[in-house]
1. No solvent, one uniform scatterer per C-alpha: report log10 I(q)/I(0) for segment 187-247 via the Debye equation at q = 0.21 1/Å, two decimals.
2. Given the protein chains as shown and a 1.4 Å probe, how many square angstrom of Glu133 are accessible, to the nearest 10?
3. Using the heavy atoms of the protein chains and a 1.4 angstrom probe, tell me the accessible area per residue for segment 145-217 in square angstrom.
4. To the nearest 10 square angstrom, how much accessible area does Glu92 have with a 1.4 angstrom probe?
5. May I ask for the distance between the Cα centers of segment 164-205 and segment 231-256, given as a whole number of Å?
6. Which residues' amide hydrogens lie under 5 Å from the amide hydrogen of Ala127, considering only partners 5 or more residues apart or on another chain, with H built in the peptide plane?
7. If you project the alpha carbons of segment 116-256 onto their three principal axes, what span does each projection cover, largest first, in Å?
8. Can you work out the Karplus-derived ³J(HN,Hα) for every residue in segment 128-136? Use 6.51 cos²θ - 1.76 cosθ + 1.60 with θ = phi - 60°, whole Hz, and x for glycine or proline.
Amino acid sequence: MASRLSIDPRRIRTSARFLLRSLSLRHTSFVLALLAVTVAATLAAALLGMRADLRLKMSRELKGFGPNVLITPADGTTLARLDPSRVDALREALRSEGFATETEISSMLLAAGRIRVAGVEGGWEDATLVGGEFSSLPRLNPSWKLDGAWPGEKSDACVVGVSLASRLGLSLRASAEFSSSDATRRCEVTGLLSTGESEDEELFLPLGALQEALGMTGRISLAALSVGGGASEAVRAARVVERALPGSTARVLWQV
């Protein structure tokens, strides 16, 4: 039994001679085949590596463009239903559906108003007043460029878009007045914001400060949401939002 399983050295030598003879006669074909296999293996490994890392890189890149979902009331009125506690509940709902913990949500209140340099008669400029949560709004829009600092949540300071500030002659630490309806308040300019878009013409205030000035405590106009993972994840997040917040509409920003 042992002799049957033993390996004959002569057979090995004979097989090796045949293999070397075959390679010597067809060395060109062999080299081309080996090269093709090597290229295919390298390409497959590269594609697998790209696939594994693509989702993470895509999420990081898309976050630089700002929010990709806007949450507004279904009837188009101010969102009395989206108070801070419900926005916090929405964060929990998104986490329970498997969205990343770095998903950003920021509530905003918008109002038409005017702004001028404090103490100057006349000189009013029309502007959109934006009340924002400055703890999350800058992270939601990482491409925004701010000269100065965002105000604290309970301060009476403000940030002015660079185009609006240029027309009014406002600079950092200057005092400005803003008005909407019958309310006129002052704020210290702590930052000048440059985005290259409509925000350059807007006045940004802490959400609570604008709510108080307008007599709209606890109310917001919209909430902005940023989720990673591309368009499919944004659509899924929009569905979660509408289930978690009845009476709201979640609109995916397809250009992002």
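The values are calculated or read from the model by the stated rules, or taken from the named source; none is laboratory data. Everything quoted here is computed from the prediction, not taken from an experiment. For accessibility, only protein heavy atoms count, side chains too; no ligands or nucleic acids. Shrake-Rupley method; radii C 1.70, N 1.55, O 1.52, S 1.80 Å.
1. Taking Cα atoms of segment 187-247 as identical point scatterers yields -0.99.
2. 50
3. Dividing the accessible area of segment 145-217 by its residue count gives 49 Å².
4. Near enough 100 Å² of accessible area.
5. 32
6. It is Gly113, Arg114, Ile115, by chain and number.
7. Result for segment 116-256: principal-axis Cα extents of 51, 31, 24 Å.
8. 7, 8, 10, x, x, 8, 6, 6, 10
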